[in-house]
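See structure below.
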Amino acid sequence: MKLTEIRPGLFLNFDQIVSVRVLPQPEGATYAILQLSNGDKQNITRDEFAAIADEAPRLNARS
C-alpha cells in the first residue's frame, strides 16, 4: 500500500478515493472535495489537489 501525505498528519491511499469534486467557485481555502470509500468527505486546497493529481490545478473557467 502506498500512502501519500497531502498535509501534515493526513496520509491518503489513492485506492480510498471514490470521487473528486472541484468546486466551481472556491469557498475560502477549499478547492475540491474528496469522497472516500469509507463515506468520509475531505476538503482539500489547490496545493493538496496538485499533490494528489501530480499536476497544477486548472484556473476556473468562470471569473
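What to note about this one:
- Here the simple spin-label model places points 7 Å from the Cα toward Cβ, and for ALA29 and ASP47 these points are separated by 0.9 nm.
- For the chain, with all protein chains in place and a probe radius of 1.4 Å, 49% of the accessible heavy-atom surface sits on carbon or sulfur.
- The solvent-accessible area of ARG7, taken with every protein chain present and a 1.4 Å probe, is close to 80 Å².
- Each principal axis of the Cα cloud of the chain was evaluated for its coordinate range; sorted largest first, these ranges are 39, 22, 17 Å.
- Full extension of the segment from THR4 to VAL20, taken as 0.36 nm per residue of separation minus the current Cα-Cα distance, would add 4.1 nm.
- Looking at the chain, the accessible area is 74 square angstrom per residue; that uses a 1.4 Å probe and ignores ligands, DNA and RNA.
The values are calculated or read from the model by the stated rules, or taken from the named source; none is laboratory data. Owing to the predicted nature of the structure, the values given are computational and were not obtained by experimental measurement. All Cβ positions, even for glycine, are placed from backbone atoms using ideal geometry, and neighbour counts span all protein chains on display. To get the accessible areas, we keep the full protein, side chains included, count just its heavy atoms, and leave off ligands, DNA and RNA. Shrake-Rupley method; radii C 1.70, N 1.55, O 1.52, S 1.80 Å.
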